[in-house]
Amino acid sequence: MSVVDLAVTSRRELNIQLHALAPNTNQTHWRVENPNGQHSLAVGLDAPVTVEIAGHAGYYCAGMNKQATVVVEGNAGVGVAENMISGMVHVKGDASQAAGATAHGGLLVIDGDASARCGISMKGVNIVVKGSIGPMSAFMAQSGTLIVLGDAGDALGDSIYEARLFVRGSVKSLGTDCVEKTLREEHKEELRELLNAAGLGDAINVDEFKRYGSSRKLYNFHVDNAAAY
Amino acid sequence: MDSNHIPRTLPRQSATFDPHTMAEIRRAAATGIYDIRGAGTKRVLPHFDDLLFLGASISRYPLEGYREKCATDVWLGTRFAKKPIHLKIPITIAGMSFGALSAQAKEALGRGASIAGTSTTTGDGGMTPEERGQSKTLIYQYLPSRYGMNPDDLRKADAIEVVIGQGAKPGGGGMLLGQKISDRVAQMRNLPKGIDQRSACRHPDWTGPDDLEIKIEELREITDWEKPIYVKVGATRPYYDVALAVKSGADVVVLDGMQGGTAATQEVFIEHVGLPILAAIRPAVQALQDLGMHRKVQLIVSGGIRNGADVAKALALGADAVAIGTAALVALGDNDPIHEEEYRKLGTTAGAYDDWQDGRDPAGITTQDPELAARLDPVSAGRRLANYLSVLALEAQTIARACGKSHLHNLEPEDLVALTIEAAAMARVPLAGTDWIPGQLKF
């Protein structure tokens, strides 16, 4: 295991070392000590390695991740796993705003709560939040799946496109063009699969979820819908 | 009095309710929706035409037109980037998206810019292989929508431009209407074919200059501090916006005036929000000077640049480079009278065609229709753009030599006078024949 202590090594040096990893590297397990909430930790990775961050991370941790597994053992700041392409990011604490923003792929798992705009403009990522999510989450969400075991705040899925939202708890309000939809067997199967990938096994009853998605009324602008904007 | 011979009052059109205004009222009443169009503002504005160069005489020494060197090159991104950009001419191609433009048009822009030794820029919708392949120096825009944004393309880019806004619609997002969403455009943007694609007006994961600083730092970390980071703003409060962009860590600030074009925006927005570029350059330069960053953080200005005189005037006012968009499209063949018959079928005329959002461009530029797009040959169109860029540079050099400057960057406000009080106030140069700069008190 490679250990980088940010008390003595700079973030720049950490990211240089991680960017230098070849696809077939045998340095596949990294541990980052004393992160102390620094921003932009383990960003732009593109190798099948695991990076454990032993504490809290600041903004944009694991931003634009490809292939790598990044585990934050504390809380994560704004925009964790923003624009992720593939791989996995696991936050063991809570996440701040815009978790998984615009992410195209991969899996983001948040053990605690996520703040406002979780999954904003998501473009294919799968997100599992074991706690609750804040307001304006999945705003303009294009594709991918957001699963929330707790509650969702105001205006969930506002101006949503084709992303699929599953919430087990309450939803304070739905955003424009977001509606509840029937939870069919194929959706339950997807839920089981993603919950399993998030390490929850069969512990969760998928029948308890409600599904939300786009009513597709705003897909082409029409003047009669002007009040909805 | 002979009632048959009373002089009659001539019919008089209202200046307030002119024919265009009344036609727009009738159109609005019939449809219930605002007018959307492409391009920039069409109203008369104080502009570079309101400035004149003084040229050399006894008190100043000119350079020999065809003998003495007048350099045109520019370095961009020298503040933090490990790999700053060196361009042969200070005239760049502004960001325009694949989606708004055809793949052929994007390729032509890349070809023309590369021949001329300058850069071109992606747009909302990501980077196409044609564009990257044909662009020696390619600036990759980082927009609120993040359509097509990925780290591989980020690393392939020569610089990154964080787009906060544009001159045609500062404070506004975008809308690519469904008729331009082909399979390829849809796939690049992760959205279904044929639906209207909204582009957000704010970035999804940062708000305000403190966050922007952290965002820029992230982009630098991802690209190992190699790429220059530009920040593009629409001209509204240029002094403060430029100062905040510098504070946020920008290497280059791009300032776009309201003459700058758009692919599709509400007419009311294009015509009534933002500043003409003439009014924006001096406050922007002032901000850089106040921070001790003029020429250290480079300033690119855009919006209504048409000829070498405009280039020279922008540089004399303190810009390091300019960007062109609409003029580049015209060089490719946009609004060419050769298509007049087809423009008339669309209810318009060559020179006035601005329904770029509809995707029915007879010139094959602002379209995703394969048959229309095939009309534009990227090689010959790219050559036309290269020729045009050469002319801009030659014209700017001609003026600079006449002012005794061995580099375009040696042009200065002192070389200029204004023809109108408005232009004198905005450009902060004296009204011609006077030493009066409105707004600058002398006691």
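The values are calculated or read from the model by the stated rules, or taken from the named source; none is laboratory data. Only a predicted model underlies this, so the values are computations on that prediction, with no experimental measurement involved. Using ideal geometry, Cβ is built from the backbone for each residue, glycine included, and neighbour counts are taken over all protein chains shown. SASA here: full protein model, heavy atoms, side chains in, ligands and nucleic acids out. Shrake-Rupley method; radii C 1.70, N 1.55, O 1.52, S 1.80 Å.
The simple spin-label model puts a point 7 Å past each Cα toward its Cβ; for B:T207 and B:R295 those points are separated by 4.1 nm.
Across the protein assembly as shown the C-alpha pair distances fall into 20 Å bins from zero in the proportions 18, 47, 28, 6, 1, 0 percent. Couplings 3J(HN,Hα) for the range A:126-135, derived from phi with the Karplus relation 6.51 cos²θ - 1.76 cosθ + 1.60 (θ = phi - 60°), are 9, 10, 10, 10, 7, x, 10, 10, x, x Hz, where x marks Gly and Pro. The ellipsoid that matches the Cα gyration tensor of chain B has semi-axes, each √(5λ) in whole angstrom, of 33, 32, 22, with the longest given first.
What fraction of the DSSP beta bridges in the protein assembly as shown is antiparallel, stated in percent and rounded to the nearest 5? Antiparallel bridges: around 20 percent, rounded to the nearest 5. All C-alpha pair distances within the range B:384-443, sorted into 10 Å bins from zero, spread as 22, 33, 31, 12, 2, 0 percent across the bins.
Amide H contacts of B:I36 (H built 1.01 Å from N, in plane; Pro and chain starts excluded): B:E267 sit under 5 Å, all sequence-distant by 5 or more or on other chains.
Hydrophobic, long helices, defined as DSSP H runs whose alpha-carbon span along the helix axis is 30 Å or greater and whose mean Kyte-Doolittle value is at least -1.0, occur in chain B at B:378-402. Placing one equal scatterer on every Cα of the range B:333-389 and applying the Debye formula, the log10 ratio I(q)/I(0) at q = 0.21, 0.27 Å⁻¹ is -0.78, -1.12. Percent of Cα-Cα pairs per 5 Å bin, from 0 to the last occupied bin, for the range A:86-215, please list those. Result, from short to long distances: 3, 13, 25, 28, 22, 9, 1 percent. Here the range B:64-85 and the range A:99-127 have alpha carbon centers that stand 43 Å from each other. Using only alpha carbons, the range B:258-297 has a radius of gyration to Kirkwood radius ratio (Rg to Rh) of 1.16. Rg over Rh for the range B:1-158 works out to 1.22, both radii taken from alpha-carbon positions and Rh defined as the Kirkwood radius.
Where does chain A land on Rg/Rh, using Cα atoms and the Kirkwood Rh?
We get a ratio of 1.02 for chain A.
If you count Lys pairs in chain A whose Cα atoms are under 21 Å apart, skipping same-chain pairs closer than 8 places in sequence, the total is 13. With helices as the sole contributors, the protein assembly as shown gives -7500 deg cm²/dmol at 222 nm; each DSSP H run of n ≥ 4 counts as -39500 (n - 2.57), and the sum is divided by every residue.
Of all lysines in the structure, those lying under 28 Å Cα to Cα from B:K69, and not within fewer than 8 positions of it along the same chain, are B:K83, B:K88, B:K136, B:K296, B:K313, B:K405.
Counting every alpha-carbon pair across the range B:283-440, the share separated by more than 25 Å comes to 46%. In order along the range A:7-18, phi translates into HN-Hα couplings of 6, 10, 10, 7, 4, 4, 5, 4, 5, 4, 5, 6 Hz, rounded to whole numbers, per the Karplus curve 6.51 cos²θ - 1.76 cosθ + 1.60 with θ = phi - 60° and x for Gly and Pro.
Taken over the range B:118-269, the alpha-carbon convex hull comes to 115 cubic angstrom per residue. Taking amide hydrogens as placed 1.01 Å from N in the peptide plane, the amide H of B:T137 sits under 5 Å from those of B:T120, each at least 5 positions away in sequence or on another chain. Listed values for the range B:163-169 are Karplus-derived 3J(HN,Hα) couplings in whole Hz (6.51 cos²θ - 1.76 cosθ + 1.60, θ = phi - 60°), namely 8, 9, x, 9, x, 5, 7, and x replaces Gly and Pro.
With the simple model of a label 7 Å out from the Cα in the direction of the Cβ, B:D336 to A:N205 spans 7.0 nm.
Which of the three applies to the range B:26-100, rounded, prolate or oblate, going by the alpha-carbon gyration tensor with a ≥ b ≥ c and a/c under 1.5 meaning rounded? Provide the component values of the computation, followed by the final result.
Numbers: a/c = 3.84, a/b = 1.62, b/c = 2.36.
Oblate shape, in that a/c is at least 1.5 and b/c is the bigger or equal ratio.
Principal axis extents of the Cα atoms in the range B:238-327, from largest to smallest and rounded to whole angstrom, are 38, 28, 19. The accessible area of B:L63, taken with all protein chains in place and a 1.4 Å probe, comes to roughly 40 Å².
Ligands, DNA and RNA left out, the 1.4 Å accessible surface of chain B is 56% carbon and sulfur atoms.
In the range B:73-191, inverting the average of 1/r over every pair of distinct C-alpha atoms gives 14.7 Å as the Kirkwood radius.
Its Cα gyration tensor gives the range B:308-353 an equivalent ellipsoid. The semi-axes, each the square root of 5 times an eigenvalue, are 32, 9, 8 Å from largest down.
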